[in-house]
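Visitor: Below: one structure in structure tokens.
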Amino acid sequence: MIQNIYFEASTQDEYGKIGVAQATLNRVDSPDFPNTICGVVHQGPRAGKNPRLCQFSWHCDGKSDRIRNHRVYKESRRIALLVFSRSKEDFTQGATHYHAVYVKPWWIKGLTRTIQLGDHIFYRKRTDS
């Protein structure tokens with residue numbers, strides 16, 4: 001969880017980091033994803049998709065996963081512990097997906113936009129059929 005916050009939201013404010021952590025935990029709670037934090041964070045690509053695309057791009061982008069900014073890592077750890085204890089309301093409104101504002105991913109079709117926190121836009125599964 002800490003690495004996911006660090007690599008996905010290191011430049012975000014506290015709410016952006018909390019959003020990434022909450023979306024990760026929302027995936028753990030969803031039957032559509034693995035039921036552990038590590039399972040969610042390290043989940044590979046969906047069947048039939050590019051094998052280099054993971055659920056979280058930092059995990060399989062081929063770049064070093066070395067922690068370079070220890071201040072941001074400590075902040076990511078603080079956020080992970082805060083959200084893991086579930087002591088904050090879910091600002092993402094149940095979101096399981098998010099993306100940076102500067103991209104328009106193919107997978108948003110069929111999802112409902114919930115909120116923008118920092119540079120991330122969050123989505124949850126559509127409940128209407």
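Visitor: Using Cβ counts within 10 Å as a stand-in for footprinting exposure, how do Thr11, Thr92, Thr127, Thr114 rank, fewest first? Intermediate values should be presented prior to the final figure.
Guide: Values: Thr11 10, Thr92 25, Thr127 7, Thr114 21.
Least to most surrounded, the residues fall as Thr127, Thr11, Thr114, Thr92.
Visitor: Can I ask one more? Return one quarter of the surface area of the convex hull spanned by the alpha-carbon atoms of region 59-120, equal to its mean projected area, in nm². Numbers along the way, then the final one.
Guide: On the way: hull surface 23.3 nm².
Mean projected area of the Cα convex hull: 5.8 nm².
Visitor: Moving on to the next point. Can you tell me which aspartates and glutamates have their Cα less than 13 Å from the Cα of Lys74? Leave out same-chain residues fewer than eight positions away.
Guide: Glu14
Visitor: How long are the semi-axes of the ellipsoid equivalent to the chain, from square roots of 5 times the Cα gyration tensor eigenvalues, in whole Å, largest first? Write down the numbers at each step before the final one.
Guide: Numbers: eigenvalues 88, 66, 41 Å².
Three semi-axes, in Å: 21, 18, 14.
Visitor: State, to one decimal in nm, how far the label point of Phe33 lies from the label point of Leu81, with both points 7 Å from Cα in the Cβ direction.
Guide: For the pair Phe33/Leu81, the computed spacing is 2.3 nm.
Taken together, the values in this text are just the output of simple stated rules run on the coordinates, not laboratory data. What you see is a predicted model; the values in this text were computed from it and never measured. With ideal geometry, Cβ positions are generated from the backbone for all residues, glycine too; neighbour counts draw on all protein chains shown.
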